[in-house]
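Worksheet: the structure to be examined is printed underneath.
The values are calculated or read from the model by the stated rules, or taken from the named source; none is laboratory data. Owing to the predicted nature of the structure, the values given are computational and were not obtained by experimental measurement. All Cβ positions, even for glycine, are placed from backbone atoms using ideal geometry, and neighbour counts span all protein chains on display. Side chains included, ligands, DNA and RNA excluded: accessible areas come from the protein's heavy atoms. Shrake-Rupley method; radii C 1.70, N 1.55, O 1.52, S 1.80 Å.
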Amino acid sequence: FWKEIIEEVPAIQFYQEVINGVAIRKALLARHALFPFKSGDTVIDEFKIKSKVRLPNQNFGFNLGKVYEYTKSSQRVKIKVKPLPVDGRPASFSGAVGKFKISSQIEGSQPAANQPMKFKLKFEGFGNAKGIELPGIQWPEGVEVFEVRNDSKFFKTGQSYKEFEITLIPRKEGKLILPSIEMSYFNPETSKYETDKTQQIPIEVLPADKSTSTESVRMNSKKQEAKESPLTLPA
């Protein structure tokens, strides 16, 4: 299982509930979201807790009774994980299960040749978006992938997102179309594969600014490093 911690209670808060005519006290210990990696029969292990109980003392009052220590555990839960269907599986499916949407955008001002620009690709919805991998992307000719970063988060509602920040460097000026990106997922509610995709992003790349070109930035960075490096003199 892939486990996401939704809630783990640092201080137990009891509340009363009547079950089968008996008043009991209940408290939440933890809430986790589990995502199975493979199909077949498996079990969710028991949850153990160690507690101390002080029994009332009729002669000296409630708080002065003997303390007993107990270790209790829940029952193991047997489950059967269904396999994902093979029929109708799209080529763009990489294992995402849930219900997601995909979006993309260019961040910042109008790009110039040899200047880095940030392209953001975001997956979000119900399910484990953290497990989504960056799909294969056919970038147009003259575009260099400089750096790829990602950020992800799982929320208590069962929603999650994963965002890829890709630094691109267009090497020539003129019109450029960033491609539509497609991803498929298996929706448990409909028991079907579904596909979503982004729109193409047309951009106009400005002529290169030699004073702030990528190469000059790299050279200036190297000069700065050399300037800041300490000088070692012979003894």
Residue in the stretch 66-76 that is least open to solvent (accessible area, probe 1.4 Å), counting only those that are basic (Lys, Arg) and modelled with pLDDT of 85 or more:
LYS72
Can you pull out every residue in the stretch 143-159 that is outside any loop (DSSP other than H, G, I, E, B) and among the hydrophobic types (A, V, I, L, M, F, W, C)?
VAL143, VAL145, PHE146, VAL148, PHE154
All but one of (1) surrounded by fewer than 20 Cβ atoms within 10 Å (Cβ to Cβ); (2) within 21 Å of GLN199 (Cα to Cα) hold for PHE146; which doesn't?
(2)
Whether any residue in the stretch 44-65 is at pLDDT 90 or above and of a type in the set (Phe, Trp, Tyr) is what I want to check.
no
In this structure, does THR167 turn out to be on the phi < 0 side of the Ramachandran plot, β-branched (Val, Ile, Thr) and exposed (fewer than 14 other Cβ atoms within 10 Å of the Cβ)?
no
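Being modelled with pLDDT under 95 and either open to solvent by 70 Å² or more (accessible area, probe 1.4 Å) or within 26 Å of SER109 (Cβ to Cβ) (or both) narrows it down to one residue among GLY127, GLY136, GLY158, GLY131; which is it?
The unique qualifying residue is GLY136.
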Select from the stretch 10-52 the residues that are closer than 30 Å to GLN159 by Cβ and small (Gly, Ala, Ser) and write down the one among them that is surrounded by the fewest Cβ atoms within 10 Å (Cβ to Cβ).
ALA11
